[in-house]
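This is the structure, below, for whatever I ask next.
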Amino acid sequence: MRNLPSALRWIRRLSLSARFGLLSAALVALLGVALGSWSADRIRRSNVDEAVRLIGYTNATTLYTLSHLGNADLPHNQDIRTDLGNLMIDASIHSKRLVGLIVWSASGQVVYASAPLTRTAMRHAPRELASAFAGQTHTRLIASADAVTDPGLHAIIAKAGPVLQIVSPDGASTGAARAVLQSLIPWRPVENNIRHQTMLMSGALLGGLFVFWLALFRLVTRASRRLREQADRNHNLANHDPLTGLPNRELLRRRTLASIRRANRSGRRVALLLFDLDRFKEINDTLGHHHGDLLLQEIGPRLSRVMREGDCIARLGGDEFVVLLPDVADAVHAQTLGRRIRAELAAPFVLEGVSLDVEASVGIAVTPEHGTDFQALLQHADVAMYVAKKAHLGLSVYDRVLDDHSPMRLALISELRAALADPGQFVLHYQPKLDMKSGKLAGFEALVRWQHPERGLLVPDEFIPDAERTGMIRTLTDLVLSEAVRQVNVWKQAGVKMPVAVNLSTRCLLDPQFPDDVGALLAAHGIAGSELDLEITESAIMADPERAHEILTRLVALGIGISIDDFGTGYSSMAHLKRLPIDQIKIDKSFVIDLVDNPNDAAIVRSMVDLARGLGLGVVAEGVETEETWRHLHDLGCTSAQGFYLSRPLAAEDVLPWVATHRARKTIPAARSVRAGSGPR
Ligand code: C2E
Ligand code: CA
Ligand code: CA
């Protein structure tokens, strides 16, 4: 009993068809046993019946003899033997079909007994006698001589072995029988017959049942295989897009979640790249849905070339697809793959002889910054895609700032992109820097403004952050650089030889191509490196210190001066700055503006000046708004200064007149004190 649960467990572990095979075999065996025992019973009965029928002829002869006697009741002393009767009975006994025959009268007397029985030896009438006189035939197997008391019968059975006793009425006329015959036939031949037939029957039954079971088993396994295949098909349908065969949203969701779990353990990131095809509707409308469908079917195979093992592309519906990157280092890595995807899709699709140019807008979201679950990632990739599409950026990484869905903002990004193609909208203003000791002009800082056709002149804070986020800053910087360099030449020809400083963004310091571009620009305008300064912030350097260091070194090799802008607001250490090839630091205006009234600021500026001098670097103070500040900075030992007190940023055409006025001045400070917000920008 204790083994039952383990047996059940074993059975449960078997395949469904093996379980069915076992169960059906057991049931068929049970059926076989029932059928077998029923048939064996039938065989036995029919053999007994046959024996009874066979003995009937001998009996009929006996009865014929009896009828000739004509008596109502047979006197027990009357010999019924006739020649014919004797002959038949003797022949039967001789052929061993019969071993004995006794005829009983209604009064219970033996009227006849075949040799070697004698009437007197038959003392006991069979117990079926009364019922036989009522018309019934009884058969009974007497297996051994011990079962009988009559000495005559005992002797016969002891000699002949088991016998089948048949007790039957004479049945010659209507009404009650006149006599009952007790025939004894040898059992062995009947038994042999029964055994033989039973064996035949068992063989046939076994074979038949086996064939039946086999057919049943095959039928069921075939049906179950069909069902399983259908289930597989259904499963596939539930997880895949029927048109393209790509995974659908549900499968993507599960794979993304699994990837996030793995990434959490390994410290890597998961990215979702959502894209749709620009102008897909046009293709559908002009070429028909057939071509639209063909195009959608081509997307997966086309992109399989750029996908790595483990990446997955899914179709969300319509012309929207998502690429799951389960293992990326960061958003920049994801962007690189996004660009590759765009490049793959940019090659024309040739569909049934029609060549189609397709472009895709890609939105990217990366864990954990842009979400830690599928829903958030997908939604943010969608926002990024929307931005990429509306602003014609091609590709955009999710940014919370862009997620206000403000049409104004999207419109501005879109206009910025258009404006970059038409550089006339950007103008540079130039703010002078003065040497603190001599009061002489030390250079200009170029500050960009956007002359927006409807919104008027926009200051950098209104568009630079978006330009940085969307990657357009690189183009904008090129534009500012070439305009600044051009302007340097114009001033040079007017006799004013002054270096111009241009502000750089983080991206320039990540782009190995940048120093070469700058070198080419300088060469094209015939300008020396020393006539250009570049201002970079601490955070730009810290984004990738190694690469920044390499790029700065190459810029310095061109003779260009490097300043650290907004110094004091970042986290770079002096120890780190020491290793960089820089010329000066620009103390951020937030420390300078209140210098006079705020002892803390004064202390900070003092220590910054000391440190910079210790490192042999120049110190520029920006945001100098008053004469007092100027004096204070002068006393602290700053090298140069920049600020509204000296001059606001000037339009290009105002620069030469300002220089002339400035040179005419004898003393510094010479301008009136200005607080922020007064005077022109
Ligand atoms: P920045 O590099 O710190 O530039 C100095 C900013 O301080 C300028 O603002 C300038 O007008 C302002 N400023 C100058 N003197 C004073 C003063 O005495 N008091 C006060 N309160 N402000 C003063 P602007 O032109 O609005 O530029 C803002 C920022 O935009 C710049 O800060 C710079 O980071 C960025 N920017 C400007 N042009 C470019 C560019 O061409 N490329 C890049 N990447 N960034 C630029
Ligand atoms: Ca600057
Ligand atoms: Ca600054």
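Find how much the distance from THR336 to GLN230 grows on full extension, using 0.36 nm per residue of separation minus their present alpha carbon separation; answer in nm with one decimal.
34.0 nm
So, taking all protein chains as they sit and a 1.4 Å probe, how much accessible area belongs to HIS154, in Å² rounded to tens?
Its accessible surface works out to 70 Å², give or take rounding.
Given labels modelled 7 Å from the Cα in the Cβ direction, how far is it in nm from ALA130 to ARG308?
So the label points at ALA130 and ARG308 sit 10.4 nm apart.
For ARG140, ARG455, ARG233, what's the largest-to-smallest order of accessible area, 1.4 Å probe?
Values: ARG140 60, ARG455 90, ARG233 130 Å².
Most to least solvent-accessible, the answer reads ARG233, ARG455, ARG140.
Could you tell me whether region 515-587 comes out rounded, prolate or oblate from its Cα gyration tensor? Rule is a ≥ b ≥ c as square roots of the eigenvalues, rounded for a/c under 1.5, then prolate if a/b exceeds b/c, otherwise oblate.
Prolate, since a/c reaches 1.5 and a/b exceeds b/c.
Sequence gap at least 6, Cα distance under 8 Å: using those rules, report the relative contact order of region 186-340 to the nearest whole percent.
Once normalised by length, the contact order is 25 percent.
May I ask you to give the percent of accessible area on the chain that is carbon plus sulfur, with a probe radius of 1.4 Å?
55 percent
Need the list of aspartates and glutamates near LYS578 for cross-linking: C-alpha distance under 18 angstrom, and skip anything on the same chain fewer than eight residues off.
Straight-line reach from LYS578, under 18 Å: GLU535, GLU538, ASP544, GLU546, GLU550, ASP565, ASP566, ASP610.
Now a separate question. Rounded to the nearest 0.05, what FRET efficiency is calculated for HIS289 and SER266 with R0 set to 41 Å and r the Cβ-Cβ distance?
About 0.40, to the nearest 0.05.
Taking the Cα-to-Cβ direction at VAL220 and at ASP146 and moving 7 Å from each Cα, how far apart do the two end points lie in nm?
4.9 nm
While we're on this one: Through the Karplus equation 6.51 cos²θ - 1.76 cosθ + 1.60, θ set to phi - 60°, convert the phi angles of region 597-612 into ³J(HN,Hα) values in whole Hz; use x for Gly and Pro.
8, 10, x, 4, 4, 4, 5, 4, 4, 4, 5, 5, 4, 4, 4, 4
If you don't mind, there's one more thing I want to ask. Stretched out fully, how many nm does the piece from LYS437 to VAL33 gain, at 0.36 nm a residue minus the Cα gap?
Gain on extension, LYS437 to VAL33, equals 133.4 nm.
Quick one: helix 652-664 against the long Cα principal axis of the chain, what's the angle to the nearest 10°, folded into 0 to 90?
40 degrees
So, with +1 on the Cβ of K and R and -1 on the Cβ of D and E, and no other charges, what is the size of the charge dipole of the chain about its Cα centre, to the nearest 20 debye?
Around 3640 debye, computed over the chain.
Under a straight-distance cross-link criterion of Cα-Cα below 30 Å, which lysines are reachable from LYS96, leaving out those fewer than 8 residues away in the same chain?
LYS159
Suppose a student asked you for the relative contact order of region 371-514, using Cα pairs under 8 Å spaced at least 6 residues apart; what percent would you report?
Here the relative contact order equals 17 percent.
Just by accessible area at a 1.4 angstrom probe, what is the order of GLU535, GLU352, GLU191 from largest to smallest?
GLU352, GLU191, GLU535
I need the shape label for region 213-346. Rule: rounded when a/c is under 1.5, else prolate if a/b > b/c, else oblate, with a, b, c from the alpha carbon gyration tensor.
Because a/c hits 1.5 or more and a/b fails to exceed b/c, region 213-346 counts as oblate.
Calculated FRET efficiency, LYS492 and SER539, Cβ-Cβ r, R0 25 Å, to nearest 0.05?
The value I calculate is 0.15.
Can you give the angle from 0 to 90° between the axis of helix 16-69 and the longest principal axis of the chain, with both taken from C-alpha atoms, to the nearest 10?
10 degrees
Considering only protein heavy atoms, what per residue accessible area in square angstrom results for the chain with a 1.4 angstrom probe?
51 Å²
Kindly flag which residue pairs out of LYS440/LYS492; LYS281/LYS390; LYS281/LYS389; LYS492/LYS586 have an alpha-carbon separation exceeding 21 Å in this structure.
Working: LYS440/LYS492 17 Å; LYS281/LYS390 16 Å; LYS281/LYS389 14 Å; LYS492/LYS586 25 Å.
Cα-Cα > 21 Å for LYS492/LYS586; rest within.
Another one. HN-Hα J couplings of region 390-397 from phi, Karplus 6.51/-1.76/1.60, θ = phi - 60°, integer Hz, Gly and Pro as x?
5, 9, 6, 8, x, 8, 8, 8
For a test of the definition: using alpha carbon positions, the gyration tensor, and the 1.5 limit on a/c, classify the chain as rounded, prolate or oblate.
Working: a/c = 6.94, a/b = 4.86, b/c = 1.43.
Because a/c hits 1.5 or more and a/b exceeds b/c, the chain counts as prolate.
How much FRET efficiency would the formula 1/(1 + (r/R0)^6) give for THR372 and PHE212, where r is the Cβ-Cβ distance and R0 is 51 Å, rounded to 0.05?
The pair THR372/PHE212 has a calculated efficiency of 0.25.
Using the Karplus curve 6.51 cos²θ - 1.76 cosθ + 1.60 with θ = phi - 60°, work out ³J(HN,Hα) for each residue of region 293-303 in order, rounded to whole Hz, and write x for Gly and Pro.
Residue by residue, region 293-303 yields 5, 4, 5, 4, 5, 7, 4, x, x, 4, 7 Hz.
Would you list SER144, SER640 from the most to the least accessible area, probe 1.4 Å? If you can, show how the numbers build up before the last one.
Details: SER144 50, SER640 10 Å².
The ranking, largest first, comes out as SER144, SER640.
Using label points projected 7 Å from each Cα along Cα→Cβ, tell me how many nm separate ALA343 and ALA421, to one decimal.
2.3 nm
Would you mind calculating the gained length between ARG45 and GLU320 on full extension (0.36 nm times residue separation, minus the Cα-Cα distance), in nm to one decimal?
Gain on extension, ARG45 to GLU320, equals 90.8 nm.
The values are calculated or read from the model by the stated rules, or taken from the named source; none is laboratory data. Treat the numbers as computed from the prediction; the structure is a model and nothing was measured. All Cβ positions, glycine included, derive from the backbone under ideal geometry; neighbour counts span all protein chains shown. Note: accessible area is taken over every heavy atom of the protein model, side chains too, but ligands, DNA and RNA are not part of it. Shrake-Rupley method; radii C 1.70, N 1.55, O 1.52, S 1.80 Å.
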